[in-house]
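This report refers to the structure that appears directly beneath it.
The values are calculated or read from the model by the stated rules, or taken from the named source; none is laboratory data. Remember, predicted model here, so these are calculated numbers, not experimental data. All Cβ positions, even for glycine, are placed from backbone atoms using ideal geometry, and neighbour counts span all protein chains on display.
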């Protein structure tokens, strides 16, 4: 059974969304919050990630519905190891985050060997194990 993990902000942003680990780290960098040695690490880590993995937003295109969330496949050990460095960076800057695990992340918009992008289920949507009343 496929399992997924997501590392995201522990608090919602002004739009009510929970940005993922890379968005949080990129926000620190873009806001000029990183110490010089952390900025060097962040640039190198982003370059490495970009060279090894597809950027889901580019792959599933500009016409995808808004609100998709990226999830790593739990067996994708290399990208999870790379992500650990980002989590350490967030910890150093006191950025609260948490880990979320699921078997069903929502409606899959994009999938590759290490990750998926999914629209979260809503209360009105049918969940894979929802029973219909007769």
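Looking at (1) at pLDDT 95 or above; (2) out of contact with any strand residue (DSSP E or B) (no Cβ under 8 Å at 6 or more places or on another chain); (3) surrounded by 13 or more Cβ atoms within 10 Å (Cβ to Cβ), find the lone condition where residue 84 falls short.
(3)
If only one of 55, 49 is over 11 Å from residue 90 (Cβ atoms) and touching a helix residue (DSSP H, G or I) at 6+ places or on another chain (Cβ under 8 Å), which one is it? Let's see the steps before the verdict.
Working: 55 fails: touching a helix residue (DSSP H, G or I) at 6+ places or on another chain (Cβ under 8 Å).
Sole residue among the options that is over 11 Å from residue 90 (Cβ atoms) and touching a helix residue (DSSP H, G or I) at 6+ places or on another chain (Cβ under 8 Å): 49.
Residue by residue, here is whether (1) closer than 17 Å to residue 24 by Cβ; (2) in contact with a strand residue (DSSP E or B) (Cβ under 9 Å, 6 or more places away or on another chain); (3) modelled with pLDDT of 95 or more holds:
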residue	(1), (2), (3)
92	yes, no, yes
108	no, yes, no
125	no, yes, no
129	no, no, no
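If you check 14, 6, which single one turns out to be within 23 Å of residue 95 (Cα to Cα), out of contact with any helix residue (DSSP H, G or I) (no Cβ under 6 Å at 6 or more places or on another chain) and surrounded by 15 or more Cβ atoms within 10 Å (Cβ to Cβ)?
Working: 14 fails: surrounded by 15 or more Cβ atoms within 10 Å (Cβ to Cβ).
Result: 6 is the single residue among 14, 6 that is within 23 Å of residue 95 (Cα to Cα), out of contact with any helix residue (DSSP H, G or I) (no Cβ under 6 Å at 6 or more places or on another chain) and surrounded by 15 or more Cβ atoms within 10 Å (Cβ to Cβ).
Which of the following residues is in a loop (DSSP other than H, G, I, E, B), at pLDDT 90 or above and either surrounded by fewer than 11 Cβ atoms within 10 Å (Cβ to Cβ) or touching a strand residue (DSSP E or B) at 6+ places or on another chain (Cβ under 8 Å) (or both): 113, 66?
Working: 66 fails: at pLDDT 90 or above.
Result of the check over 113, 66: 113.
Restricting attention to the stretch 71-79, does a residue exist that is under 16 Å from residue 118 (Cβ atoms), in contact (Cβ under 8 Å) with a residue 60 or more places away in the chain and touching a helix residue (DSSP H, G or I) at 6+ places or on another chain (Cβ under 8 Å)?
Kept after step one, since they are under 16 Å from residue 118 (Cβ atoms), are these residues of the stretch 71-79: 71-74, 76.
Then drop every residue that is not in contact (Cβ under 8 Å) with a residue 60 or more places away in the chain, which leaves 71-74.
Add one more test, that the residue is touching a helix residue (DSSP H, G or I) at 6+ places or on another chain (Cβ under 8 Å), and what stays is 72, 74.
Yes: one or more hits.
For residue 1, state whether it is over 14 Å from the mean Cα position of the chain (by Cα), assigned to a loop (DSSP other than H, G, I, E, B) and farther than 18 Å from residue 96 by Cα. Spell out the reasoning first.
On the way: over 14 Å from the mean Cα position of the chain (by Cα): yes; assigned to a loop (DSSP other than H, G, I, E, B): yes; farther than 18 Å from residue 96 by Cα: yes.
So residue 1 passes the test.
Checking the structure you have, find out if any residue of the stretch 22-45 is assigned to a strand (DSSP E or B), touching a residue at least 12 places away in the same chain (Cβ under 8 Å) and either under 12 Å from the mean Cα position of the chain (by Cα) or farther than 14 Å from residue 117 by Cα (or both).
The initial filter retains those residues of the stretch 22-45 that are assigned to a strand (DSSP E or B), namely none.
No, because not a single residue in the stretch 22-45 is assigned to a strand (DSSP E or B), touching a residue at least 12 places away in the same chain (Cβ under 8 Å) and either under 12 Å from the mean Cα position of the chain (by Cα) or farther than 14 Å from residue 117 by Cα (or both).
Assess whether residue 78 counts as being exposed (fewer than 14 other Cβ atoms within 10 Å of the Cβ), over 16 Å from the mean Cα position of the chain (by Cα) and assigned to a helix (DSSP H, G or I).
When the stated conditions are applied, residue 78 does not pass them.
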